[in-house]
Amino acid sequence: MASTVSPSNAATMLRETRAGGALDPREIEHLADLVARVAQLGTDQHEIAELDLNPVVVAGDCWVVDAKLTLRQPDRTGPVPRRLEEG
């Protein structure tokens, strides 16, 4: 499945913010890559309910200093998986 946000779309969105005016093109590229990767993670991993990246430092490169991940409660309405016996 394709990501919901491409790096080029993220870069366009970032340039339209006040913060985008303070970043050089290389920093926007790094931050856009982070945004696209997080969007892809959310698309690929349906168990993620919430992801908080705070702060994100952009100074030439881009670093996530702290992250908080909240998972969804498992759906208990379907069949219960069982372990196959070996042998």
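Derivation of every value follows stated rules applied to the coordinates shown; laboratory data play no part. It should be emphasised that the depicted structure is a prediction, and the values quoted were computed from it without experimental measurement. Don't worry about glycine lacking a Cβ; one is built from the backbone with ideal geometry, like all the others, and counts go over all protein chains shown.
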Rounded to the nearest 20 debye, dipole of the range 7-71 from Cβ charges on Lys, Arg, Asp, Glu = 160
If r is the Cβ-Cβ distance from Thr12 to Leu41 and R0 is 30 Å, what FRET efficiency results, to the nearest 0.05?
-> 0.90
Taking the chain as a Gaussian network, where each spring joins two C-alpha atoms under 10 Å apart, which residue of Ala11, Ala36, Ala49 fluctuates the most?
-> Ala49
Neighbour-count ranking [beta-carbon atoms within 10 angstrom, fewest first] of Val57, Val80 = Val80, Val57
Of Asp44, Asp66, Asp24, which has the largest mean-square fluctuation in a 10 Å C-alpha GNM of the chain?
-> Asp66
Inter-probe distance in nm under a simple model that places probes 7 Å from Cα toward Cβ, at Arg83 and Asp33 | 4.2
Gain upon complete extension [Thr70, Thr4; 0.36 nm per residue less C-alpha separation] | 21.8 nm
